[in-house]
């Protein structure tokens, strides 16, 4: 028993010696400092939508009293949806060697962002029963996501008659960042044997820009693709001073009938 007690005493002394000479200094030397993350841009960074991810960290600096410069360790922790049309809130984080974290949030403003744009590369004219085929031709492109046609929503229950067999359909599309575009698509119902061909079905212009509807007219053709001589041709005009969606209606009279087509013109806010 005495030998056992002596052995235990020796082991206790050894453990105490280890604690005093090894463990305690390690605890005392443990890093308790916190990294500091600073921003030189006054809270807003201007970037192109095509900027690489590394550019999002421009103007940031991270320093730790124990580990030194940690700027190269800064990471993006999260991004908000688009705010005010062309801005996002970006959250950054940096860790020191002991996993202490510092965070910072600032705004990124995209200098060349535009909402998604619609396209319809065929005239928006359809025959009775063929509207679904026309609507399937609508596409949308986004400067950040690329093709977002699969995100288009067609509100077919809200189709409204305008005049002269022209109808309007609400359409919207949203990109993965929350950017949204809406339009009223103007469509022309025509069961005529003739066709007014337009170069496209949707046109974008800036507010205040000159717009000439006849620039988008190819001509009047019969079912065989032959140009038809017309007696009278009319085109409605629009005022581009105010942003919005407007219809341009084309009409052509022959000896036997009148044929119509329409073009959707989207007037955008001018960039300042």
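Quick look at the numbers
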quantity	calculated
Check on residue 235, free of Cβ contacts under 8 Å to residues at least 60 places away in the same chain and under 30 Å from residue 147 (Cβ atoms)	no
Members of segment 130-175 found to be closer than 18 Å to residue 112 by Cβ and part of a loop (DSSP other than H, G, I, E, B), listed by number	143, 144, 145, 148, 175
Condition check for residue 139: exposed (fewer than 15 other Cβ atoms within 10 Å of the Cβ) and either in contact with a strand residue (DSSP E or B) (Cβ under 8 Å, 6 or more places away or on another chain) or not assigned by TED's automatic domain parsing to the domain that holds residue 173 (or both)	no
Every residue from segment 246-267 that is surrounded by fewer than 17 Cβ atoms within 10 Å (Cβ to Cβ) and not in a loop (DSSP other than H, G, I, E, B)	253, 258
Among the candidates 103, 107, 125, 111, residue that is within 30 Å of residue 196 (Cα to Cα) and either assigned by TED's automatic domain parsing to the domain that holds residue 172 or touching a residue at least 60 places away in the same chain (Cβ under 8 Å) (or both)	125
Top-ranked residue in segment 100-121 [being surrounded by fewer than 16 Cβ atoms within 10 Å (Cβ to Cβ) and assigned to a loop (DSSP other than H, G, I, E, B); ranked as farthest from the chain's Cα centre (by Cα)]	121
Elements of type strands (runs of 3 or more DSSP E) in segment 181-240, at least 3 residues being farther than 18 Å from residue 167 by Cβ, in the same structural domain as residue 133 (by TED's automatic domain parsing) and at pLDDT 95 or above	202-206
2 or more residues in contact with a helix residue (DSSP H, G or I) (Cβ under 9 Å, 6 or more places away or on another chain) and more than 30 Å from residue 175 (Cβ to Cβ): qualifying strands (runs of 3 or more DSSP E) within segment 39-99	60-64
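The values are calculated or read from the model by the stated rules, or taken from the named source; none is laboratory data. Note that this is a predicted model, so its numbers are computed, not measured. All Cβ positions, glycine included, derive from the backbone under ideal geometry; neighbour counts span all protein chains shown.
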